[in-house]
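**Q** Before I ask anything, here is the structure I am working with.
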């Protein structure tokens, strides 16, 4: 198997961006030693870091790997980068159904619907994970070790903290009298977010894409909506373009409405484009309830 040239590619890009090894390490979230090993072709970056590394170096993942001579490993790394985005969607659905099932457990019909949604999403994600695990196994075998994002004790503590915090968060969220426009092309995601928000007293209106969102903003009275939750990847008009057009509306109160981005794509490029288009905040999918409510509290309190 040929020796990879990925290390020299990373080193060249780092120098082109006038970055030291320490600066690159800090931005990617690894140690200086790890970057040094990458550049000496002693190890590959962990597959989960490739999108972040590419963003920091100002290239796409494809560009980052184009110098690699190892035809086996780069193809699998690219596959994982693509699959990782697909995994976030069913995970978002599963977590959303869990949240609303906790509050509708006395309604057998609705509960069965949510459980079925969890089951179907889990089966889909299992298929995606089969591919991810296959690549991760090869990566671990080739480097002699795996690199989990959290150690088992940290993961357990994180989960326990989340369970303990959830009831208080739900009880403290009160958005009564607020009307939120939810722009999301997937019906199942609209249902999940709407059910969660309705538990807080908020009224929720829907837009199936950016074009519908714009039409509703143009035809509704000023102040009718208090905030927009905007998915980024939608047909017809995406979230970026919809936000840019909203910011250009002639009625000031409409043009200044808070717009919160929602997306499963968490790259630095997406964040930068969201800010450039005029969005106020950025929420990742799967949506964490405390993060969602914290953001809504901040912008709904301002927009009263």
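**Q** In nanometres, what is the gap between the two model label sites at residue 63 and residue 215, each 7 Å from Cα along Cα-to-Cβ?
**A** That separation, rounded to one decimal, is 3.8 nm.
**Q** Follow-up. By counting other Cβ atoms within 10 Å of each Cβ, how are 187, 284 ranked from fewest to most?
**A** 187, 284
**Q** In square nanometres and to one decimal, what's the mean projected area of the convex hull around the Cα atoms of the stretch 88-128?
**A** 2.4 nm²
**Q** Between residue 273 and residue 249, what length in nm is gained on full extension when 0.36 nm per residue of separation is reduced by their alpha carbon distance?
**A** Here the segment from residue 273 to residue 249 would lengthen by 6.7 nm.
**Q** Compute the Kirkwood hydrodynamic radius of the stretch 174-302, taking the inverse of the mean of 1/r over all pairs of distinct Cα atoms, and give it in Å to one decimal.
**A** Value: 14.4 Å, from the Cα pair sum.
**Q** Among 186, 15, what is the fewest-to-most ranking by other Cβ atoms within 10 Å?
**A** Neighbour counts put them in this order, fewest first: 15, 186.
**Q** So, one more: Using label points projected 7 Å from each Cα along Cα→Cβ, tell me how many nm separate residue 120 and residue 17, to one decimal.
**A** Roughly 4.1 nm, to one decimal.
**Q** Let me ask something else about it. Given all pairs of different Cα atoms, what value in angstroms does the Kirkwood hydrodynamic radius of the stretch 202-260 take?
**A** 11.3 Å
**Q** Starting with the highest mean, order 244-255, 193-204, 229-240 by the number of other Cβ atoms within 10 Å, averaged over the residues of each peptide.
**A** 229-240, 193-204, 244-255
**Q** How much FRET efficiency would the formula 1/(1 + (r/R0)^6) give for residue 103 and residue 32, where r is the Cβ-Cβ distance and R0 is 45 Å, rounded to 0.05?
**A** 0.40
**Q** Right, something else. Can you tell me how much longer the chain between residue 290 and residue 208 gets when fully stretched, taken as 0.36 nm per residue apart minus their C-alpha distance, in nm with one decimal?
**A** Taking 0.36 nm per residue and subtracting the Cα distance, the gain is 27.0 nm.
**Q** Along its three principal axes, how long is the stretch 6-65 when you only count alpha carbons? Whole Å, largest extent first please.
**A** 24, 23, 20
None of the figures in this text is laboratory data; all of them are computed from the coordinates on show. What you see is a predicted model, and the numbers here were worked out from it, not measured in a lab. No Cβ is skipped: glycine too gets one built from the backbone with ideal geometry, and neighbour counts run over all protein chains shown.
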